[in-house]
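The values are calculated or read from the model by the stated rules, or taken from the named source; none is laboratory data. Just so it is clear, the structure is predicted and the values come from calculations on it, not from any experiment. Quick note on the areas: whole protein, heavy atoms, side chains included, nothing else; ligands and nucleic acids left out. Shrake-Rupley method; radii C 1.70, N 1.55, O 1.52, S 1.80 Å.
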Amino acid sequence: LALILAFPPAALAAGLPLSALGLHLAVAAAALAAGMAMFALRWMGGGDAKLLSAVALWMGWPAVLSFLAAAAVAGGALAVLLLTLRSA
């Protein structure tokens with residue numbers, strides 16, 4: 001909640017135009033909706049879905065795609081590591 005509440009004053013202080021601010025909010029809303037869907041399917045936790053939305057709010061449209069790709073690769077690597085350690 002603190003990350004979300006800190007964004008509007010920080011964005012306005014940095015000189016982000018209102019149209020870009022709206023785009024950041026739209027990206028965050030889409031990320032929250034996708035996170036809620038993944039939570040309903042039991043693919044991720046509720047905290048992860050909320051954190052995804054907060055990160056998407058700060059990163060905005062172009063950067064959030066590379067963040068999602070990096071998070072997916074890191075999550076996959078962690079899953080493989082945990083499965084390997086459990087089988088040993």
Open item on the list: Cut-off 10 angstrom, C-alpha nodes, Gaussian network model of the chain. Which of Ala40, Ala11, Ala28 fluctuates the most?
Closed with: Ala40
Open item on the list: Can you tell me which of Ala34, Ala26, Ala14 moves the most in a GNM of the chain? Springs connect C-alpha atoms under 10 Å apart.
Closed with: Ala14
Open item on the list: On a 1.4 Å probe surface of the protein chains, which of Met36, Met59 comes out largest in accessible area, and what is the full order?
Closed with: Met36, Met59
TODO: For the chain, set up a Gaussian network in which alpha carbons nearer than 10 Å are linked by springs, and say which option among Leu78, Leu12, Leu32 fluctuates the most.
DONE: Leu78
Open item on the list: At 1.4 Å probe size, with the rest of the protein present, what percent of the exposed accessible area of the range 17-88 is carbon and sulfur atoms?
Closed with: 78
- [ ] Hey, can you grab everything whose amide H is under 5 Å from the amide H of Met44? Only 5+ residues off in sequence or another chain; H modelled, so Pro and N-termini drop out.
- [x] Phe39
- [ ] Report the equivalent ellipsoid semi-axes for the chain in whole Å, largest first, defined as the square roots of five times the eigenvalues of the gyration tensor built from alpha carbon atoms.
- [x] 30, 14, 11
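Using the heavy atoms of the protein chains and a 1.4 angstrom probe, tell me the accessible area per residue for the chain in square angstrom.
68
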